Amino acid sequence: EQEIADLRNELETQAYLLEKLLNELDRIEDDPLNVEEEEFVDEDIFRFEGINDTQSMDEVYESALNALENDDLENAKKFFDYFLSNFPDAERIPLVLFWLGEIAFNDEQYDDSYIYFLELVLNYESHWRAPQSHKRLGDIYLKRNDVDNAKVKYNFVLKNYPNNSVSSIVLQILENME
């Protein structure tokens with residue numbers, strides 16, 4: 001089963017790279033006069049190295065961030081999901097989980113958001129986004145009207161990350177809950 005999953009990931013990666021290549025060729029065909037000469041020498045369009053292709057990882061991640069910056073949450077989610085499924089060993093996975101959690105939280109999909117943040121804090125506890133993810137788990141409890149668990153989570157943040165800026169936010173939330 002793992003071999004099938006690996007092959008599926010490889011196939012999806014290759015499909016993405018082919019789509020990029022075809023889009024670039026379409027763009028050149030549509031307006032051949034507007035293509036700079038150096039683009040014809042660009043060997044990067046012909047990369048087919050697959051899942052470990054660092055440049056493709058960077059491009060997918062940057063596309064996700066650009067979509068996020070432009071408030072295009074739907075496309076940001078698609079890019080982050082693609083990154084998560086195709087580059088599972090990448091060092092940016094904690095950031096991808098964080099942003100997927102934020103997008104789901106923003107869309108009021110608290111169950112999905114909870115899963116993303118929980119995966120981040122369980123698997124990447126030392127990551128710099130872990131304190132914010134713990135806080136966000138408390139926010140999710142609060143949105144679900146589970147005040148007791150929200151307080152537990154917020155107090156966890158205060159106890160374990162006292163020098164983190166998120167602790168001051170959590171302290172304010174706890175004071176407002178009193």
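Laboratory data are not the source of any read-out in this text; all were calculated from the coordinates shown. The structure displayed is predicted, hence computed values, not measured ones. Here Cβ is always computed from backbone atoms with ideal geometry, including for glycine, and neighbour counts include all displayed protein chains.
Evaluate E = 1/(1 + (r/R0)^6) for K78 and I115, where r is the Cβ-Cβ distance and R0 equals 22 Å; express this FRET efficiency to the nearest 0.05. Working shown, then result.
Values: r = 18 Å, r/R0 = 0.80.
FRET efficiency, K78 to I115: 0.80.
Give me the one-decimal nm value for the distance between modelled label points at N149 and E91, 7 Å along each residue's Cα-to-Cβ direction.
3.4 nm
If you take the beta carbon distance between E69 and W128 as r and set R0 to 22 Å, what does 1/(1 + (r/R0)^6) give as a FRET efficiency, to the nearest 0.05?
The computed FRET efficiency comes out at 0.65.
Sorting check: for 130-138, 149-157, 88-96, which peptide has the highest mean count of neighbouring beta carbons within 10 Å, and how do the rest follow?
130-138, 149-157, 88-96
Can you run phi through the Karplus equation (6.51, -1.76, 1.60; θ = phi - 60°) for the stretch 149-166 and list ³J(HN,Hα) in whole Hz, with x for Gly and Pro?
5, 4, 4, 4, 5, 4, 5, 4, 4, 4, 6, 8, 9, x, 9, 7, 4, 5
Could you size up the charge dipole of the stretch 103-178 around its Cα centre, putting +1 on the beta carbon of Lys and Arg and -1 on that of Asp and Glu, and report it in debye to the nearest 20? Provide the component values of the computation, followed by the final result.
On the way: 8 positive and 11 negative charges, 56 e Å.
Dipole of the stretch 103-178, to the nearest 20 debye: 260 debye.
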